[in-house]
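Let me begin by presenting the structure, written as structure tokens, before commenting on it.
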Amino acid sequence: MKKRSSGAIRRARFHTLLTDLERWPGSILQRKQVRSFALFLVILAAFLVAWDLAVRFRLVLTLAPSPYQVWQQAVEIFSQPFFRRGVNHVGIGWHLLASLRRVAIGFLLAAATAVPLGFLIGRSPTLARAVDPFVQVLKPVSPLVWLPIGLALLGKSEPTSVFVIFMSSLWPLLLNTVAGVRSVPAQYCDLARTLGAKRSTVLRRIVLPSALPGIVTGLRISLGIAWLVIVAAEMLVGGRGIGYFVWNEWNNLNVASIVVAILATGATGLVLDRLVQRLEGMVSYE
């Protein structure tokens with residue numbers, strides 16, 4: 001019987017050790033995650049200490065709150081997020097709901113417009129060439145430029161905010177839908193027609209499923225832009241909303257409340273992004 005060399009024995013032991021580590025509850029991947037979380041805590045602690053020292057030694061203006069003051073303000077705000085003390089004096093929960101409602105309406109209207117239009121443009125080169133100048137001119141326009149146009153056309157702040165969200169969500173979704181439709185191999189459609197499939201069947205069974213990942217990516221980008229824009233739009237048009245809350249707290253020189261609102265806005269945006277990301281994972285073929 002052939003005797004195994006010492007190198008082969010060491011390699012075999014090494015592979016056995018790797019296998020045992022992968023089976024062990026605290027695997028290498030989990031250790032890396034723990035290290036990343038520990039590093040996150042260290043960075044967060046260093047940031048909070050630097051922030052507190054900057055406030056304590058007056059390196060920033062006296063308006064700037066300390067981390068502890070922000071924490072106290074967050075506890076006070078979120079202890080009663082849905083209180084009502086008059087028409088405009090309401091809890092931050094009502095402001096967030098008002099912003100989410102405007103984003104939802106504008107975003108859904110943009111999706112209802114951009115997805116069918118993107119299908120038509122993606123399937124028709126003639127139509128694509130005809131509308132391309134409009135898309136190329138209007139696409140780089142800042143979303144807030146549409147604010148005075150919305151006020152001139154609609155008059156009121158509520159529909160104007162929805163209009164701004166609609167315009168800011170439209171272009172990313174339209175372009176991603178067009179790209180998704182164009183990415184479908186022509187051979188698939190030709191083969192289906194050769195087998196007698198109708199045009200509607202080709203669109204429903206081949207083009208739509210193939211373009212769906214691109215459409216969902218466009219939905220994710222558009223939703224992120226819409227949530228970014230709504231805060232700035234509400235600061236300008238007023239009314240209820242998280243942007244109005246921030247501007248109102250600035251008028252009261254309550255910067256601690258503004259920091260709390262920033263964190264609440266970021267957390268809400270993160271939740272929205274994760275929801276669409278889950279949908280993106282469901283339609284992905286990878």
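The values are calculated or read from the model by the stated rules, or taken from the named source; none is laboratory data. For clarity, every value in this text was computed on a predicted model and none was experimentally measured. Don't worry about glycine lacking a Cβ; one is built from the backbone with ideal geometry, like all the others, and counts go over all protein chains shown. Heads up: the accessible areas ignore ligands, DNA and RNA and are worked out on the full protein's heavy atoms, side chains in. Shrake-Rupley method; radii C 1.70, N 1.55, O 1.52, S 1.80 Å.
Brief remarks on what is shown
- Which listed residue is farther than 24 Å from Pro67 by Cβ and open to solvent by 20 Å² or more (accessible area, probe 1.4 Å), from Leu270, Leu263, Leu253, Leu228: Leu228
- Filtered residues of the stretch 106-123 (kept if surrounded by fewer than 17 Cβ atoms within 10 Å (Cβ to Cβ) and under 17 Å from Ser169 (Cα atoms)): Leu108, Leu109, Ala112, Thr113, Pro116
- Residue match in the stretch 144-158 (condition: among the polar types (S, T, N, Q), surrounded by 12 or more Cβ atoms within 10 Å (Cβ to Cβ), at pLDDT 90 or above and in a helix (DSSP H, G or I)): no
- Meets criteria (farther than 29 Å from Ala64 by Cβ and either open to solvent by less than 30 Å² (accessible area, probe 1.4 Å) or hydrophobic (A, V, I, L, M, F, W, C) (or both)) for Leu223: yes
- No other residue among Gly241, Gly214, Gly180, Gly218 is among the small types (Gly, Ala, Ser), open to solvent by less than 40 Å² (accessible area, probe 1.4 Å) and under 24 Å from Ala74 (Cα atoms) apart from Gly241.
- With respect to the conditions (1) free of Cβ contacts under 8 Å to residues at least 60 places away in the same chain; (2) aromatic (Phe, Trp, Tyr); (3) surrounded by 14 or more Cβ atoms within 10 Å (Cβ to Cβ), Phe134 lacks only one, and its number is (3).
- Residue in the stretch 236-257 that is polar (S, T, N, Q) and in contact with a Ser or Thr (Cβ under 6 Å, 6 or more places away or on another chain) present: no
- The one condition from (1) in contact (Cβ under 8 Å) with a residue 40 or more places away in the chain; (2) out of contact with any Lys or Arg (no Cβ under 8 Å at 6 or more places or on another chain) that Arg84 does not meet is (1).
- For the stretch 56-81, the tally of residues that are more than 16 Å from Arg240 (Cα to Cα), part of a loop (DSSP other than H, G, I, E, B) and without any contact (Cβ under 8 Å) to a residue 24 or more places away in the chain stands at 8.
- Of the set (1) open to solvent by less than 50 Å² (accessible area, probe 1.4 Å); (2) touching a helix residue (DSSP H, G or I) at 6+ places or on another chain (Cβ under 6 Å); (3) of a type in the set (Ser, Thr, Tyr), all apply to Tyr188 but (1).
- Lone qualifier among Val202, Val216, Val231 - being aliphatic (A, V, I, L, M) and within 22 Å of Val135 (Cβ to Cβ): Val216
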